[in-house]
Amino acid sequence: MMLLSVLQANASVMDVEANLRTIDDAAQRAAHAGAGLLLTPELFPVGYAPLRLHAELDPSTLPSVRERLANIARSHGIGLVYSLPALARAQHQETHDDAAQPPHADDAWHITATLLDATGSEVLNYAKVHLFGPEEHKAFIGAQEPPAVVDFNGIRTSMLICYDVEFPEAVRAAATRGAELLLVPTALSAGFENVPQVLIRARALESQLNVAYANHSGHEDVYSFLGGSVVAGPDGSLLAAAGESPALLFAEVGTETVKAARDEVPYLRERRPELYEEWEQRG
(Lines give C-alpha, C1' and ligand atoms only; values in the text may rest on other atoms or scores of the structure.)
Protein backbone atom coordinates (compact mmCIF):
# COMPACT_ATOMS: atom_id res chain seq x y z
CA MET A 1 0.00 0.00 0.00
CA MET A 2 1.03 3.59 -0.60
CA LEU A 3 -0.47 6.83 0.63
CA LEU A 4 -1.12 8.95 -2.47
CA SER A 5 -1.67 12.73 -2.39
CA VAL A 6 -3.48 14.76 -5.05
CA LEU A 7 -3.10 18.53 -5.38
CA GLN A 8 -6.06 20.59 -6.53
CA ALA A 9 -5.13 24.26 -6.79
CA ASN A 10 -5.32 27.47 -8.79
CA ALA A 11 -2.26 28.22 -10.94
CA SER A 12 -1.12 31.62 -12.18
CA VAL A 13 -0.52 31.62 -15.94
CA MET A 14 3.17 32.26 -16.73
CA ASP A 15 4.01 32.81 -13.05
CA VAL A 16 6.33 29.85 -12.56
CA GLU A 17 7.61 31.13 -9.21
CA ALA A 18 4.15 31.26 -7.66
CA ASN A 19 3.17 27.87 -9.07
CA LEU A 20 6.34 26.18 -7.85
CA ARG A 21 5.74 27.62 -4.38
CA THR A 22 2.29 26.00 -4.42
CA ILE A 23 3.77 22.64 -5.45
CA ASP A 24 6.56 22.91 -2.89
CA ASP A 25 4.09 23.66 -0.08
CA ALA A 26 1.88 20.74 -1.12
CA ALA A 27 4.89 18.40 -1.34
CA GLN A 28 5.96 19.40 2.15
CA ARG A 29 2.48 18.82 3.59
CA ALA A 30 2.06 15.54 1.72
CA ALA A 31 5.45 14.20 2.81
CA HIS A 32 4.75 15.21 6.40
CA ALA A 33 1.51 13.18 6.23
CA GLY A 34 3.46 10.15 5.02
CA ALA A 35 2.50 10.23 1.33
CA GLY A 36 4.81 8.54 -1.13
CA LEU A 37 3.63 10.53 -4.14
CA LEU A 38 2.13 13.92 -5.02
CA LEU A 39 0.09 14.23 -8.23
CA THR A 40 -0.34 17.76 -9.63
CA PRO A 41 -2.66 19.11 -12.40
CA GLU A 42 -2.03 19.44 -16.13
CA LEU A 43 0.50 22.17 -17.05
CA PHE A 44 0.32 23.47 -13.47
CA PRO A 45 3.90 24.86 -13.22
CA VAL A 46 3.19 27.29 -16.07
CA GLY A 47 -0.61 27.56 -15.80
CA TYR A 48 -3.16 26.31 -18.30
CA ALA A 49 -3.48 28.68 -21.30
CA PRO A 50 -2.44 26.84 -24.49
CA LEU A 51 -2.21 29.78 -26.89
CA ARG A 52 -0.43 32.03 -24.38
CA LEU A 53 2.04 29.28 -23.57
CA HIS A 54 2.88 28.73 -27.22
CA ALA A 55 3.27 32.47 -27.82
CA GLU A 56 5.05 33.49 -24.61
CA LEU A 57 6.85 30.52 -23.08
CA ASP A 58 10.55 30.22 -23.93
CA PRO A 59 11.29 26.49 -24.21
CA SER A 60 14.89 27.12 -23.15
CA THR A 61 13.60 27.89 -19.64
CA LEU A 62 11.97 24.49 -19.21
CA PRO A 63 15.07 22.49 -18.19
CA SER A 64 15.57 24.77 -15.20
CA VAL A 65 11.90 24.39 -14.25
CA ARG A 66 12.27 20.62 -14.42
CA GLU A 67 15.36 20.77 -12.23
CA ARG A 68 13.56 22.87 -9.64
CA LEU A 69 10.71 20.35 -9.60
CA ALA A 70 13.26 17.58 -9.12
CA ASN A 71 14.69 19.54 -6.20
CA ILE A 72 11.21 19.77 -4.64
CA ALA A 73 10.81 15.98 -4.83
CA ARG A 74 14.34 15.44 -3.52
CA SER A 75 14.15 17.93 -0.67
CA HIS A 76 10.89 16.50 0.67
CA GLY A 77 11.67 12.87 -0.14
CA ILE A 78 8.45 12.32 -2.08
CA GLY A 79 7.55 11.14 -5.56
CA LEU A 80 6.09 13.83 -7.80
CA VAL A 81 4.05 13.96 -11.01
CA TYR A 82 4.17 17.25 -12.90
CA SER A 83 3.00 18.30 -16.37
CA LEU A 84 4.79 20.71 -18.74
CA PRO A 85 4.97 21.51 -22.46
CA ALA A 86 7.86 19.83 -24.27
CA LEU A 87 9.20 20.24 -27.77
CA ALA A 88 8.00 17.39 -29.98
CA ARG A 89 10.43 15.49 -32.15
CA ALA A 90 9.74 15.99 -35.86
CA GLN A 91 9.19 12.29 -36.53
CA HIS A 92 6.25 12.26 -34.11
CA GLN A 93 4.44 15.18 -35.72
CA GLU A 94 1.00 14.43 -37.04
CA THR A 95 -0.81 15.96 -40.00
CA HIS A 96 -3.42 18.59 -39.08
CA ASP A 97 -5.67 20.78 -41.15
CA ASP A 98 -4.74 24.45 -41.46
CA ALA A 99 -7.04 25.53 -38.63
CA ALA A 100 -5.42 23.10 -36.23
CA GLN A 101 -1.80 23.44 -37.37
CA PRO A 102 0.57 24.59 -34.61
CA PRO A 103 1.77 28.18 -35.23
CA HIS A 104 5.34 26.99 -35.79
CA ALA A 105 5.39 23.47 -37.18
CA ASP A 106 9.16 23.14 -36.66
CA ASP A 107 8.67 24.09 -33.01
CA ALA A 108 5.65 21.91 -32.25
CA TRP A 109 5.03 20.98 -28.63
CA HIS A 110 3.48 18.10 -26.78
CA ILE A 111 1.74 18.30 -23.42
CA THR A 112 3.70 15.94 -21.20
CA ALA A 113 3.69 14.41 -17.73
CA THR A 114 6.73 13.25 -15.77
CA LEU A 115 6.94 10.97 -12.75
CA LEU A 116 9.86 11.58 -10.39
CA ASP A 117 10.90 9.31 -7.57
CA ALA A 118 11.78 10.57 -4.10
CA THR A 119 15.37 11.28 -5.19
CA GLY A 120 14.16 13.58 -7.97
CA SER A 121 15.06 11.10 -10.75
CA GLU A 122 12.74 10.73 -13.73
CA VAL A 123 11.22 7.26 -13.86
CA LEU A 124 8.38 7.72 -16.36
CA ASN A 125 7.40 10.18 -19.09
CA TYR A 126 4.22 10.42 -21.14
CA ALA A 127 2.98 12.74 -23.91
CA LYS A 128 -0.72 13.49 -24.34
CA VAL A 129 -2.35 11.64 -27.25
CA HIS A 130 -5.85 13.16 -27.33
CA LEU A 131 -5.98 16.96 -27.50
CA PHE A 132 -9.17 18.71 -26.42
CA GLY A 133 -10.64 21.78 -28.09
CA PRO A 134 -9.41 24.22 -30.75
CA GLU A 135 -6.82 25.98 -28.55
CA GLU A 136 -4.97 22.78 -27.68
CA HIS A 137 -5.00 21.73 -31.32
CA LYS A 138 -3.51 25.07 -32.35
CA ALA A 139 -0.83 25.14 -29.66
CA PHE A 140 0.18 21.46 -29.44
CA ILE A 141 0.29 18.21 -31.40
CA GLY A 142 -1.01 14.86 -30.22
CA ALA A 143 1.53 12.17 -29.45
CA GLN A 144 1.34 8.55 -30.60
CA GLU A 145 3.17 6.47 -27.99
CA PRO A 146 1.12 4.22 -25.67
CA PRO A 147 1.29 4.71 -21.90
CA ALA A 148 4.30 2.95 -20.42
CA VAL A 149 4.27 1.21 -17.04
CA VAL A 150 6.92 1.24 -14.30
CA ASP A 151 7.22 -0.19 -10.81
CA PHE A 152 6.83 2.71 -8.36
CA ASN A 153 6.96 1.96 -4.64
CA GLY A 154 5.88 -1.61 -5.39
CA ILE A 155 2.89 -0.60 -7.54
CA ARG A 156 2.77 -0.91 -11.34
CA THR A 157 2.17 2.70 -12.35
CA SER A 158 1.24 4.48 -15.57
CA MET A 159 0.08 7.93 -16.69
CA LEU A 160 -2.41 9.59 -19.01
CA ILE A 161 -3.29 13.29 -19.33
CA CYS A 162 -6.75 14.85 -19.05
CA TYR A 163 -8.85 14.03 -22.16
CA ASP A 164 -6.89 10.79 -22.68
CA VAL A 165 -8.64 9.16 -19.73
CA GLU A 166 -12.05 9.76 -21.31
CA PHE A 167 -11.19 7.15 -23.96
CA PRO A 168 -11.59 3.59 -22.63
CA GLU A 169 -8.98 2.38 -25.12
CA ALA A 170 -6.28 4.55 -23.53
CA VAL A 171 -6.95 3.31 -20.00
CA ARG A 172 -7.19 -0.28 -21.22
CA ALA A 173 -3.80 0.13 -22.95
CA ALA A 174 -2.27 0.95 -19.57
CA ALA A 175 -4.12 -1.89 -17.82
CA THR A 176 -3.13 -4.53 -20.37
CA ARG A 177 0.50 -3.46 -19.87
CA GLY A 178 0.09 -4.28 -16.20
CA ALA A 179 -0.81 -0.94 -14.64
CA GLU A 180 -2.35 -1.04 -11.16
CA LEU A 181 -2.27 2.73 -10.63
CA LEU A 182 -3.07 5.35 -13.26
CA LEU A 183 -2.01 8.96 -12.59
CA VAL A 184 -3.88 11.64 -14.53
CA PRO A 185 -2.99 15.36 -14.42
CA THR A 186 -5.96 17.26 -15.87
CA ALA A 187 -7.35 20.71 -16.65
CA LEU A 188 -11.10 20.16 -16.69
CA SER A 189 -13.41 23.12 -17.14
CA ALA A 190 -16.59 23.71 -15.18
CA GLY A 191 -19.63 22.06 -16.74
CA PHE A 192 -18.09 18.61 -17.17
CA GLU A 193 -18.98 17.20 -13.76
CA ASN A 194 -19.76 13.76 -15.17
CA VAL A 195 -16.09 13.19 -15.97
CA PRO A 196 -14.81 12.95 -12.38
CA GLN A 197 -18.13 11.89 -10.86
CA VAL A 198 -19.02 9.11 -13.31
CA LEU A 199 -16.42 8.47 -15.98
CA ILE A 200 -13.27 8.23 -13.80
CA ARG A 201 -14.96 5.69 -11.54
CA ALA A 202 -16.14 3.75 -14.60
CA ARG A 203 -12.62 3.71 -16.07
CA ALA A 204 -11.23 2.42 -12.76
CA LEU A 205 -13.92 -0.28 -12.59
CA GLU A 206 -13.77 -1.50 -16.18
CA SER A 207 -9.97 -1.74 -16.23
CA GLN A 208 -9.72 -2.66 -12.52
CA LEU A 209 -7.01 -0.29 -11.41
CA ASN A 210 -6.65 2.74 -9.15
CA VAL A 211 -7.13 6.07 -10.94
CA ALA A 212 -6.00 9.41 -9.47
CA TYR A 213 -7.23 12.55 -11.24
CA ALA A 214 -5.80 15.98 -10.30
CA ASN A 215 -7.57 19.12 -11.56
CA HIS A 216 -7.16 22.88 -11.35
CA SER A 217 -9.57 25.04 -9.38
CA GLY A 218 -10.71 28.63 -9.89
CA HIS A 219 -9.99 30.84 -12.92
CA GLU A 220 -6.90 30.91 -15.12
CA ASP A 221 -6.68 33.08 -18.23
CA VAL A 222 -10.09 32.57 -19.93
CA TYR A 223 -10.82 29.25 -18.21
CA SER A 224 -13.01 28.43 -15.24
CA PHE A 225 -12.07 25.07 -13.75
CA LEU A 226 -14.32 22.53 -12.12
CA GLY A 227 -12.09 21.24 -9.36
CA GLY A 228 -13.63 17.90 -8.44
CA SER A 229 -10.36 15.94 -8.27
CA VAL A 230 -10.89 12.28 -7.37
CA VAL A 231 -9.20 9.00 -6.59
CA ALA A 232 -11.13 5.88 -7.60
CA GLY A 233 -10.42 2.28 -6.62
CA PRO A 234 -10.32 -0.78 -8.90
CA ASP A 235 -13.88 -1.70 -7.93
CA GLY A 236 -15.13 1.77 -8.92
CA SER A 237 -15.31 2.93 -5.30
CA LEU A 238 -14.57 6.56 -4.44
CA LEU A 239 -11.42 6.75 -2.32
CA ALA A 240 -11.15 10.56 -2.16
CA ALA A 241 -12.90 13.55 -3.72
CA ALA A 242 -12.55 17.34 -3.70
CA GLY A 243 -15.11 20.09 -4.18
CA GLU A 244 -14.52 23.30 -6.12
CA SER A 245 -11.90 24.85 -3.81
CA PRO A 246 -8.15 24.18 -3.51
CA ALA A 247 -7.50 20.92 -1.67
CA LEU A 248 -4.89 18.30 -0.93
CA LEU A 249 -6.46 14.84 -1.12
CA PHE A 250 -5.10 11.62 0.37
CA ALA A 251 -5.93 8.03 -0.47
CA GLU A 252 -4.39 4.62 0.19
CA VAL A 253 -3.73 2.71 -3.03
CA GLY A 254 -2.16 -0.69 -3.51
CA THR A 255 -1.96 -3.95 -5.36
CA GLU A 256 -4.16 -6.23 -3.26
CA THR A 257 -7.41 -4.46 -4.15
CA VAL A 258 -6.44 -4.62 -7.82
CA LYS A 259 -5.77 -8.36 -7.60
CA ALA A 260 -9.03 -8.93 -5.75
CA ALA A 261 -11.06 -7.00 -8.33
CA ARG A 262 -9.42 -8.83 -11.24
CA ASP A 263 -9.96 -12.21 -9.59
CA GLU A 264 -13.62 -11.53 -8.86
CA VAL A 265 -14.54 -10.33 -12.37
CA PRO A 266 -11.91 -11.25 -15.01
CA TYR A 267 -12.54 -8.43 -17.47
CA LEU A 268 -8.93 -8.27 -18.63
CA ARG A 269 -8.46 -12.04 -19.00
CA GLU A 270 -11.71 -12.54 -20.84
CA ARG A 271 -11.38 -9.78 -23.39
CA ARG A 272 -11.58 -10.87 -27.05
CA PRO A 273 -9.52 -8.23 -28.87
CA GLU A 274 -9.34 -10.17 -32.14
CA LEU A 275 -13.12 -10.33 -32.25
CA TYR A 276 -13.46 -6.61 -31.47
CA GLU A 277 -11.05 -5.82 -34.27
CA GLU A 278 -13.15 -7.94 -36.64
CA TRP A 279 -16.25 -6.04 -35.52
CA GLU A 280 -14.55 -2.72 -36.29
CA GLN A 281 -13.52 -3.95 -39.72
CA ARG A 282 -17.11 -5.02 -40.43
CA GLY A 283 -18.30 -1.57 -39.40
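Quick look at the values:
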quantity: The chain: most fluctuating residue of Leu80, Leu199, Leu268 per GNM, C-alpha cutoff 10 Å; calculated: Leu268
quantity: Å² of accessible area per residue within the chain, as computed with a 1.4 Å probe and no ligands counted; calculated: 43
quantity: Apportionment of accessible area to carbon and sulfur, the stretch 6-87, percent (1.4 Å); calculated: 50
quantity: DSSP beta bridges in the chain [antiparallel fraction, %, rounded to 5]; calculated: 70
quantity: Positive minus negative residues near Leu51 (Lys, Arg vs Asp, Glu; Cβ under 10 Å); calculated: -2
quantity: Residue of Glu17, Glu220, Glu264 that the Gaussian network model of the chain assigns the largest fluctuation, springs spanning Cα pairs under 10 Å; calculated: Glu264
quantity: Antiparallel bridge percentage (DSSP; both residues within the stretch 148-242; nearest 5); calculated: 65
quantity: Amide H contacts under 5 Å for Ala118, placed H, 5+ residues apart; calculated: Gly79
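The values are calculated or read from the model by the stated rules, or taken from the named source; none is laboratory data. Quick caveat: nothing in here was measured; it's all calculated off a predicted structure. Quick reminder, even Gly has a Cβ in these numbers, built from the backbone with ideal geometry, and neighbours come from all protein chains shown. Surface accessibility is based on the protein's heavy atoms, side chains included, excluding ligands, DNA and RNA. Shrake-Rupley method; radii C 1.70, N 1.55, O 1.52, S 1.80 Å.
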